[in-house]
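The values are calculated or read from the model by the stated rules, or taken from the named source; none is laboratory data. A quick note: this is a predicted structure, and the numbers were derived from the prediction, not measured. Neighbour counts run over all protein chains shown; Cβ positions are idealised from the backbone, glycine included.
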Amino acid sequence: MLKFVLQRLATVIPTLFFVSILIFGLQQLLPGDPAIALAGEERDPETIRYLREKFHLDEPLYVRYWYWASGVVRGDLGDSVRIQKPVTELIMEKLPVTIQLATMAMIIALVIGITAGVISAVKKDTWWDYGANVFALWGLSTPNFWLGILLILLFAVQLGWLPASGYVSPFEDLKANLAAMIMPAFVLGNAIAAVLMRHTRSAMLQVLSSDYVRTARAKGLDERVVVMKHALRNALIPVITLGALEFGTLLSGAVLTEQVFTIPGFGKLIVDAVFNRDYSVVQGVVLFTATVYITLNLLADVAYFLVNPRLRH
Amino acid sequence: MAAVVFETIDASPGRRAVRRLARRAGAVFGFAVVVFFILIALLAPWLAPYDPVATSWSAVRAAPSAAHWFGADELGRDVLSRIIWGTRASILAGVVSVSISLALGVPIGMLTGYLGRWVDALISRVTDAMLACPFLILAIALAAFLGPSLTNAMIAIGISATPIFIRLTRAQVLAAKAEDYVEAARALGNPHLRIALRHILPNIVAPLIVQATLAIAAAVIAEASLSFLGLGQQPPAPSWGSMLNTARNYVDQAPWMAIWPGLSIFLLVLSFNLLGDGLRDALDPRHK
């Protein structure tokens with residue numbers, strides 16, 4: 001076990017190193033003097049001088065990378081030029097909102113995706129199966145910002161059941177918070193539900209044709225017990241680990257969903273930073289996202305290793 | 001039955017793949033809709049009833065009517081004309097960004113898979129690093145640093161999608177390298193470049209075509225997303241994504257501004273997905 005974790009960690013470190021080079025390299029894409037570009041619209045000479053000094057812009061590239069990377073290792077992702085706050089602090093402020101949105105979206109995706117996948121596999125080549133496949137194609141092809149606008153049109157404008165946008169903290173008013181978050185969570189979960197449905201369907205089809213399921217059926221067990229207890233439990237292992245890899249889709253989707261529903265989360269932070277030309281925030285958010293993604297990948301691998309005894313031997 | 005078998009064996013692999021594709025209703029539908037949109041993009045100047053950027057104060061947020069089939073937007077511009085011209089941005093973004101990914105990803109992937117050793121180790125880590133950044137977030141960051149425009153959005157999407165093609169090509173080359181025909185080509189003394197280009201490349205084209213078709217679908221959504229965020233096509237030039245961004249503010253007064261551009265993105269992406277799924281089944285009979 002320890003050997004496996006160490007082996008995986010050995011690949012994670014160079015990946016993180018290259019991620020840092022990639023994100024540091026983004027700054028080099030800025031046309032002209034990076035200090036002027038980083039200073040934002042105002043181009044305050046004081047800020048430009050401060051930035052030139054802070055980012056060691058008169059030094060060679062590798063020296064600048066070294067200063068930047070050593071700051072990152074200490075948890076210093078730089079400061080926001082616009083808001084005058086450390087990027088780490090900004091990320092930590094916005095993160096809980098996105099975590100709530102992502103968690104709700106994942107729950108919705110798991111419930112819809114796994115249910116549709118199981119039904120589709122059990123009722124293979126029936127209208128249920130075709131329906132579930134159409135749902136998956138719909139989920140994969142619908143831009144989530146459009147789905148968001150359509151839901152606002154239906155549930156907020158036409159029916160008046162839910163608020164069109166905005167955010168209320170769950171600690172202030174839980175009911176209002178859930179009312180504001182349910183539509184964005186559904187929008188975000190929709191595409192992932194489609195992916196999970198496809199994974200569940202293929203995993204279930206494989207398990208349902210295996211020997212132990214045939215044995216369970218031959219013993220005369222109720223079909224529901226065979227499907228839910230024998231087949232689903234085994235089919236879910238790869239589905240859950242693959243689900244962890246959907247984190248990227250979740251965050252990419254959150255950027256758009258938060259924009260549509262005006263939710264002050266992580267996604268909105270990066271979009272606002274882009275428009276304010278607050279490049280340190282953009283770099284910080286990408287770096288943070290990539291690090292979390294790599295960590296989740298590692299945890300998914302370890303979890304898969306733990307639940308799959310064949311890998312341990 | 002015998003005639004069918006004879007005909008199947010007689011036909012070239014390409015023709016057999018086309019026949020398998022033609023038997024799939026979804027793929028045929030996808031292909032037809034893609035061709036339909038390409039024709040709209042090409043014939044936009046003749047098809048659009050109005051100038052897509054011409055404003056008309058008398059038609060501000062006009063509901064769909066005989067004069068404006070899809071209604072008009074907040075500046076009185078004809079929504080149908082903007083949808084027709086917007087097709088160009090979407091198709092162009094899909095094709096150009098995937099071409100960038102292919103142009104970068106295939107040679108790098110072939111080099112990695114063919115040479116192996118430290119080249120493979122190095123490029124694989126770089127690919128892992130790029131894949132660790134969620135696709136759209138990387139595209140947003142690249143577009144932000146390059147500056148907002150349709151060209152830069154296409155470059156950003158193309159670069160962000162490149163690692164998928166590097167990985168796919170590498171895996172295909174690694175599998176092909178172990179095949180007898182590559183061994184035979186090597187034994188005959190063919191130079192490496194010739195083996196890679198004349199023997200391996202034609203044999204790995206099928207999965208690349210499938211991936212490219214599915215990647216166009218992803219690129220169309222990505223372009224619409226970037227334009228929605230204001231990082232793609234710049235106003236007043238029409239783009240489905242930027243039309244949706246504006247429509248968001250008028251959803252209660254002019255819902256038609258949101259319905260048509262979204263439906264267009266959905267249809268085009270769905271069609272590329274259906275075509276990609278069909279191609280996968282047609283080109284790789286093992287994948288059902």
So, B:V35, is that one hydrophobic (A, V, I, L, M, F, W, C), at pLDDT 90 or above and surrounded by fewer than 13 Cβ atoms within 10 Å (Cβ to Cβ) or not? yes
Answer from B:L188, B:L174 - the residue that is surrounded by fewer than 18 Cβ atoms within 10 Å (Cβ to Cβ) and touching a helix residue (DSSP H, G or I) at 6+ places or on another chain (Cβ under 6 Å): B:L174
Single match in A:L2, A:L95, A:L90, A:L30 (criterion: within 15 Å of A:S280 (Cβ to Cβ) and away from chain B (no Cβ under 14 Å)): A:L90
Just the residues that are out of contact with any helix residue (DSSP H, G or I) (no Cβ under 7 Å at 6 or more places or on another chain), more than 22 Å from A:V274 (Cα to Cα) and assigned to a loop (DSSP other than H, G, I, E, B), please, taken from region A:36-70. A:E59, A:P60
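Residues are listed down the side, and each one gets a yes or a no for (1) of a type in the set (A, V, I, L, M, F, W, C); (2) touching a residue at least 60 places away in the same chain (Cβ under 8 Å); (3) at negative phi:
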{"position": "B:P45", "(1), (2), (3)": "no, no, yes"}
{"position": "B:D51", "(1), (2), (3)": "no, no, yes"}
{"position": "B:W57", "(1), (2), (3)": "yes, no, yes"}
{"position": "B:S65", "(1), (2), (3)": "no, no, yes"}
{"position": "B:F70", "(1), (2), (3)": "yes, yes, yes"}
{"position": "B:G76", "(1), (2), (3)": "no, no, no"}
{"position": "B:V79", "(1), (2), (3)": "yes, yes, yes"}
{"position": "B:I83", "(1), (2), (3)": "yes, yes, yes"}
{"position": "B:G86", "(1), (2), (3)": "no, yes, yes"}
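Of the residues that make up region A:237-244, is at least one surrounded by fewer than 16 Cβ atoms within 10 Å (Cβ to Cβ), at pLDDT 90 or above and farther than 25 Å from B:V269 by Cβ? Spell out how you get there, then give the answer.
Filtering region A:237-244 down to residues surrounded by fewer than 16 Cβ atoms within 10 Å (Cβ to Cβ) leaves A:237.
Filter once more, so that each one left must be at pLDDT 90 or above: none.
Within region A:237-244 (the criterion being surrounded by fewer than 16 Cβ atoms within 10 Å (Cβ to Cβ), at pLDDT 90 or above and farther than 25 Å from B:V269 by Cβ), the answer is no, since none of the residues qualifies.
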Suppose we filter region A:33-51 for residues that are away from chain B (no Cβ under 14 Å), of a type outside the set (V, I, T) and buried (at least 18 other Cβ atoms within 10 Å of the Cβ); how many remain? 3
As an exercise: evaluate A:I270 against (1) crowded, with 21+ Cβ neighbours inside 10 Å; (2) out of contact with any Leu (no Cβ under 8 Å at 6 or more places or on another chain); (3) over 30 Å from A:D76 (Cβ atoms) and give the number of the one condition it does not meet. (3)
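Could you tell me whether region A:83-101 includes any residue that is outside any helix (DSSP H, G or I) and either touching a helix residue (DSSP H, G or I) at 6+ places or on another chain (Cβ under 8 Å) or in the same structural domain as A:S280 (by TED's automatic domain parsing) (or both)?
First, pick out the residues of region A:83-101 that are outside any helix (DSSP H, G or I): A:83-86.
Subset that is either touching a helix residue (DSSP H, G or I) at 6+ places or on another chain (Cβ under 8 Å) or in the same structural domain as A:S280 (by TED's automatic domain parsing) (or both): A:83.
Yes; the residues of region A:83-101 include at least one that is outside any helix (DSSP H, G or I) and either touching a helix residue (DSSP H, G or I) at 6+ places or on another chain (Cβ under 8 Å) or in the same structural domain as A:S280 (by TED's automatic domain parsing) (or both).
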Residue check: is B:G241 on the phi > 0 side of the Ramachandran plot and within 14 Å of chain A (Cβ to nearest Cβ)? no
Can you say whether A:L269 is of a type in the set (A, V, I, L, M, F, W, C), more than 11 Å from chain B (Cβ to nearest Cβ), in a helix (DSSP H, G or I) and touching a Lys or Arg at 6+ places or on another chain (Cβ under 8 Å), as far as the supplied structure shows? yes
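Here is a yes/no grid of residues against (1) among the aliphatic types (A, V, I, L, M); (2) touching a residue at least 40 places away in the same chain (Cβ under 8 Å):
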position	(1), (2)
A:L16	yes, yes
A:I23	yes, yes
A:Q27	no, yes
A:L38	yes, yes
A:P45	no, no
A:R52	no, no
A:F55	no, no
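Determine which member of the set A:L151, A:L205 is within 14 Å of another protein chain (Cβ to nearest Cβ), more than 27 Å from B:N245 (Cβ to Cβ) and assigned to a helix (DSSP H, G or I).
Numbers: A:L151 fails: more than 27 Å from B:N245 (Cβ to Cβ).
The match here is A:L205.
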Tell me yes or no: at least one residue of region B:267-287 is within 8 Å of chain A (Cβ to nearest Cβ), over 22 Å from B:S99 (Cβ atoms) and without any contact (Cβ under 8 Å) to a residue 60 or more places away in the chain. no
Do we have A:A244 as within 11 Å of another protein chain (Cβ to nearest Cβ) and of a type outside the set (S, T, Y) here? no
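Would you call A:T295 surrounded by fewer than 16 Cβ atoms within 10 Å (Cβ to Cβ), of a type outside the set (D, E) and in a helix (DSSP H, G or I)? Give the derivation first.
Values: surrounded by fewer than 16 Cβ atoms within 10 Å (Cβ to Cβ): yes; of a type outside the set (D, E): yes; in a helix (DSSP H, G or I): yes.
Judged against the criteria, A:T295 is a match.
Yes or no, residue by residue, for (1) over 30 Å from A:R52 (Cα atoms); (2) polar (S, T, N, Q); (3) more than 10 Å from chain B (Cβ to nearest Cβ); (4) assigned to a helix (DSSP H, G or I):
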residue	(1), (2), (3), (4)
A:Y212	yes, no, yes, yes
A:T215	yes, yes, yes, yes
A:H230	yes, no, yes, yes
A:T249	yes, yes, no, yes
A:V255	yes, no, no, yes
A:V274	no, no, no, yes
A:V282	no, no, no, yes
A:V286	no, no, no, yes
A:D301	yes, no, yes, yes
Show the residue pairs meeting these rules: Cβ distance below 6 Å; 6+ apart or different chains; first residue within region B:224-243 and in contact (Cβ under 8 Å) with a residue 60 or more places away in the chain; second residue among the β-branched types (V, I, T) and buried (at least 24 other Cβ atoms within 10 Å of the Cβ). B:A224/B:I265; B:W240/B:I265
Of all the residues that make up region A:228-273, how many are among the polar types (S, T, N, Q) and over 13 Å from the mean Cα position of the chain (by Cα)? 4
Verdict on A:G139 being part of a helix (DSSP H, G or I), without any contact (Cβ under 8 Å) to a residue 12 or more places away in the chain, over 25 Å from A:V286 (Cα atoms) and assigned by TED's automatic domain parsing to the domain that holds A:G267: no
Within region B:236-257, how many residues turn out to be crowded, with 23+ Cβ neighbours inside 10 Å and small (G, A, S)? 4
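Name the residue, out of A:S120, A:S209, A:S169, that is hydroxyl-bearing (S, T, Y), at pLDDT 90 or above and either exposed (fewer than 15 other Cβ atoms within 10 Å of the Cβ) or under 22 Å from A:L242 (Cα atoms) (or both). Write out each step before concluding.
Numbers: A:S209 fails: at pLDDT 90 or above; A:S169 fails: at pLDDT 90 or above.
A:S120 is the lone residue from the list that is hydroxyl-bearing (S, T, Y), at pLDDT 90 or above and either exposed (fewer than 15 other Cβ atoms within 10 Å of the Cβ) or under 22 Å from A:L242 (Cα atoms) (or both).
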